[in-house]
Amino acid sequence: MVETETERFTVGVFQDIEWAHKGVDALKQAGFPVESLTILIKDGPDAPAFIERSLGAPAERLDLAGIGAAVARGPLVETLGGVQDLRKLGLAGTMRRVGFQAHDGRIFDALTGKGGVLVAIKSEPRAADALAILHSYGGGNAAIGAWTGRV
């Protein structure tokens, strides 16, 4: 096992844009800064507009292993290794970089691949608050990347 520093994120997957919109709004109302939020979703007619409306900046187009065409914005994308690593390894192969076990990455990958909206919060000091909000607004499989320091 290699000891390394990782950034901690709290992650959940909403069943669709409508539920994700409510969850993201609740996070912002609770004081989570927009620059701490990441949204990742399969590309579709409403996906880029949802990200821009929610985060105030345009989405980046990605091609993820296991999911295909997607759009995203936020700090999680770069922390997972950016466009190149996500293209090769997808969420399933990169979520360990932010404290999740491999099976968690596969779950996030499967839920997002089925049309779910992944929302992540870079939230070290308020991770429990972020987790409670994700759960309250329907963020499925919401969890805190707790395996910090282990790869």
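Residue check, residue 62 against (1) closer than 23 Å to residue 144 by Cβ; (2) at pLDDT below 95; (3) under 15 Å from the mean Cα position of the chain (by Cα), all met but one. Which one?
Failing condition for residue 62: (1).
Condition first: at pLDDT 95 or above and polar (S, T, N, Q). Now tell me which residues in the stretch 4-37 satisfy that.
Listed by number, the residues that qualify are 10, 15, 29, 36.
Quick one: how many residues across the stretch 136-148 are surrounded by 15 or more Cβ atoms within 10 Å (Cβ to Cβ) and part of a helix (DSSP H, G or I)?
0
Enumerate the pairs (first residue in the stretch 25-37 and without any contact (Cβ under 8 Å) to a residue 60 or more places away in the chain; second residue anywhere and of a type in the set (A, V, I, L, M) and part of a helix (DSSP H, G or I)) with beta-carbon separation below 8 Å, excluding pairs fewer than 6 apart on the same chain, so at least 6 apart or on different chains.
28/34; 34/55
Across the stretch 70-95, what is the number of residues that are of a type in the set (Ser, Thr, Tyr) and touching a residue at least 24 places away in the same chain (Cβ under 8 Å)?
Summing the residues that are of a type in the set (Ser, Thr, Tyr) and touching a residue at least 24 places away in the same chain (Cβ under 8 Å) in the stretch 70-95 gives 1.
The values are calculated or read from the model by the stated rules, or taken from the named source; none is laboratory data. As the structure is a prediction and not an experimental result, all values here were calculated from the model. All Cβ positions, glycine included, derive from the backbone under ideal geometry; neighbour counts span all protein chains shown.
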